[in-house]
Structure formats: C-alpha cells, structure tokens
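A short worksheet on the structure shown next.
The values are calculated or read from the model by the stated rules, or taken from the named source; none is laboratory data. Just so it is clear, the model here is predicted, and its values are computed rather than measured. Note that we place each Cβ from the backbone using ideal geometry, even for glycine, and neighbour counts take in every protein chain shown. Side chains are part of the model used for accessible areas, which takes the heavy atoms of the whole protein and leaves out ligands, DNA and RNA. Shrake-Rupley method; radii C 1.70, N 1.55, O 1.52, S 1.80 Å.
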Amino acid sequence: MSNVPADAERLKSLGITGLRFLEETGSTNDDALVWAEQGAADGCLVVADAQTRGRGRLDRRWVTAPGAALAMSLVLRPSPAEAAQAGLFAGLGAVAVTEALEQGWGLKPQIKWPNDVLLGGQKVCGILAEASWSGSQLQAVVLGIGVNVAPSSVPPQDELLFPATCIEAAAGRTVERQEVLERIVEQLFVWRPALGSAEFLEAWNRRLAFRGEAVQIVMPGYNITGEVMEVDPAGGLRLRRRDGNVETVLAGDVHLRPAGNGR
Ligand code: BTN
C-alpha cells in the first residue's frame, strides 16, 4: 500500500479530512482513538500497512501482515441524531464493506451479525466500532475495519473460531488494497446519512447471513438458540425460538455460530 500517500487527494475527494498512513503500528483503532482525543476532525483516517496487535471483538487479536490486508480506522464525530443510534456504526461499516465488494468485484458478501463480513460463508472482514466519551457525552466513534485482501492475510484455520478467506480468493484475481480502501470509504460516506433509516436496515437485512437458519448466540454464561429473522432498528438480532416466541439479542459481548456447530 505504498501508494496510499499519493492517493490522499482521491481519499479527500471522497470525504476524508485527514490521513495518517503508517508502515507499521500496534492498532489503528488505538491510533485513531488517541488522535480523536487530540482533536482529530470528523473524517480523519488512519491506515496501516502492518498491524502487530490489532484489536478484535471479544478481546481477540487482529494481526495484519504487511502488504496483504487492509487495516483502517475512521474517526467520526457523531451528530446528536447519530449519537442517539451510535450502536449502528458497526452495521454501517458492514453495509459499506458489502456494497464495496459487490460493486467493485461483483462478489456476493453476507453480513454475519453483529458485524463480520463473509464471502462464501467464510470471514473476509471484521469490524470494531469503539466510542470515546467525556462523561456521558459521546465525543467520537472510531470505526475500525480489517479486510483480508491477499491469501497471506488469512490466518491458519486452526487458529480461527470461524473459517476465513480473502477477497483475492473469491474474486480469482489480484486486488489492489488502495481500491478496496477507496471503495469502502466511498460507501461509508454514501450510507452514513441513511444510518438507522428503513433503507439502511433493508441493505443490512438483505445480506444477513443465516437468515431462516438456526443459530446459537453465545453470551457470557448464557446461550440461546433460535432461527435468524432480521436485524431490528436498534441493531439487535431478532430470533424465533423453538416455542415460537421472538427474542431480540443486543450486540455486545456476544458471538453467533451456526446451531449444532462446535466452533
Ligand atoms: C473482529 O472481527 O473481531 C473485529 C476485527 C477488527 C480489526 C480491525 S483492523 C483495523 C482496526 N484496528 C484494530 O485494532 N482493529 C480494527
């Protein structure tokens, strides 16, 4: 991704207000959170070629090998209306990534609730939205997105809880990370004004993985099984239990897996 600084103008034209490109860093989310505390404006972006201790959901790690994957974190300064639905920003990332993969490479991605993107049932992208608060005031949201682009970005399967893939494997050709970055940024700014709208929910639900299938939601000390119905306006997952009752699970400390699957 050595061409990122040269394409700063293109990113600016898509809505990026400040860019930090790092050859190597611990975590672009950490960098973006620090930058936000130092006053980074809405639309500031951190991109790294290599990430040595990237953070995933549920305290997992997300390491990015040089030259193979996209690790990006976008600083957002939510408006009051956005702040009232800040829990949807990870979904915004998932919708933007799926749109980018469809439009750019004709792929058929799905969104594994709450915020993974799958290609052919395997994880290609993880999203981690983190908030920065001052008391009860939301100061910023950092939207971190990690995408496996080349085969060397895919961790060995025995290290994974869920099978993984990369864009190049699905597309069957070489893919430029700069193009992945630009397409995702473009879609983030296209979809951001629609956050929480019926159109946004429809875009999310249309790609929802395991719809109509039985899944298990694993929560700390508690699991539930049900059939995936849809994502609700707050970003929760509606499940139909075996007794016919509908239960909504909120995103958070949860993990979804196909029912009957030990992973
Ligand atoms: C997950 O699947 O658990 C979420 C993974 C999120 C990884 C991305 S890579 C860019 C950004 N920086 C981080 O430290 N994490 C996110």
> How many residues does segment 132-154 hold that are closer than 20 Å to Arg55 by Cβ, free of Cβ contacts under 8 Å to residues at least 24 places away in the same chain and surrounded by fewer than 22 Cβ atoms within 10 Å (Cβ to Cβ)?
Replying inline: 1
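Do the conditions hold for Leu101, that is, is it more than 15 Å from the ligand (Cβ to nearest atom) and either farther than 23 Å from Arg238 by Cα or part of a loop (DSSP other than H, G, I, E, B) (or both)?
Considered against the rule, which asks whether it is more than 15 Å from the ligand (Cβ to nearest atom) and either farther than 23 Å from Arg238 by Cα or part of a loop (DSSP other than H, G, I, E, B) (or both), Leu101 comes out as yes.
Yes/no matrix, rows are residues, columns are (1) farther than 30 Å from Arg238 by Cα; (2) at pLDDT below 95:
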{"residue": "Ala6", "(1), (2)": "yes, yes"}
{"residue": "Leu14", "(1), (2)": "yes, no"}
{"residue": "Gln38", "(1), (2)": "yes, no"}
{"residue": "Gln51", "(1), (2)": "yes, no"}
{"residue": "Thr64", "(1), (2)": "yes, yes"}
{"residue": "Ala69", "(1), (2)": "yes, no"}
{"residue": "Val75", "(1), (2)": "no, no"}
{"residue": "Val95", "(1), (2)": "no, no"}
{"residue": "Pro109", "(1), (2)": "no, no"}
> Inside segment 1-86, counting only helices (runs of 4 or more DSSP H) that do not spill past its ends, which hold 1 or more residues that are farther than 19 Å from Cys166 by Cα, among the polar types (S, T, N, Q) and open to solvent by 50 Å² or more (accessible area, probe 1.4 Å)?
Replying inline: 8-13
>> Go through (1) in contact with a Leu (Cβ under 8 Å, 6 or more places away or on another chain); (2) among the acidic types (Asp, Glu); (3) more than 12 Å from the ligand (Cβ to nearest atom) for Glu24 and report which single condition fails.
In response: (1)
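Looking at this structure, is Thr98 more than 25 Å from Phe200 (Cβ to Cβ), open to solvent by less than 20 Å² (accessible area, probe 1.4 Å) and not small (Gly, Ala, Ser)? Don't jump to the end; show me each part of the working.
Numbers: more than 25 Å from Phe200 (Cβ to Cβ): no; open to solvent by less than 20 Å² (accessible area, probe 1.4 Å): yes; not small (Gly, Ala, Ser): yes.
So Thr98 does not fit the description; no.
Can you tell me which residue among Gln103, Gln157, Gln137 is modelled with pLDDT of 95 or more and of a type in the set (S, T, N, Q)? Spell out the reasoning first.
Working: Gln157 fails: modelled with pLDDT of 95 or more; Gln137 fails: modelled with pLDDT of 95 or more.
Within the list Gln103, Gln157, Gln137, the selection yields Gln103.
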>> Please go through (1) out of contact with any Pro (no Cβ under 8 Å at 6 or more places or on another chain); (2) open to solvent by less than 20 Å² (accessible area, probe 1.4 Å); (3) within 11 Å of the ligand (Cβ to nearest atom) for Ala129 and return the number of the only condition it doesn't satisfy.
In response: (2)
> Is there any pair linking a residue in segment 45-66 that is among the acidic types (Asp, Glu) to one that is outside any strand (DSSP E or B) and more than 9 Å from the ligand (Cβ to nearest atom), with Cβ under 9 Å and at least six apart or on different chains, and which?
Replying inline: Asp49/Met1; Asp49/Ser2; Asp49/Val4; Asp49/Pro66; Asp49/Gly67; Asp49/Arg177
>> Are there strands (runs of 3 or more DSSP E) fully within segment 191-263 with at least 1 residues that are in contact with a Ser or Thr (Cβ under 8 Å, 6 or more places away or on another chain) and open to solvent by 20 Å² or more (accessible area, probe 1.4 Å)? List them.
In response: 214-219, 237-240
> What number of residues within segment 36-58 are more than 13 Å from the ligand (Cβ to nearest atom) and of a type in the set (A, V, I, L, M, F, W, C)?
Replying inline: 4
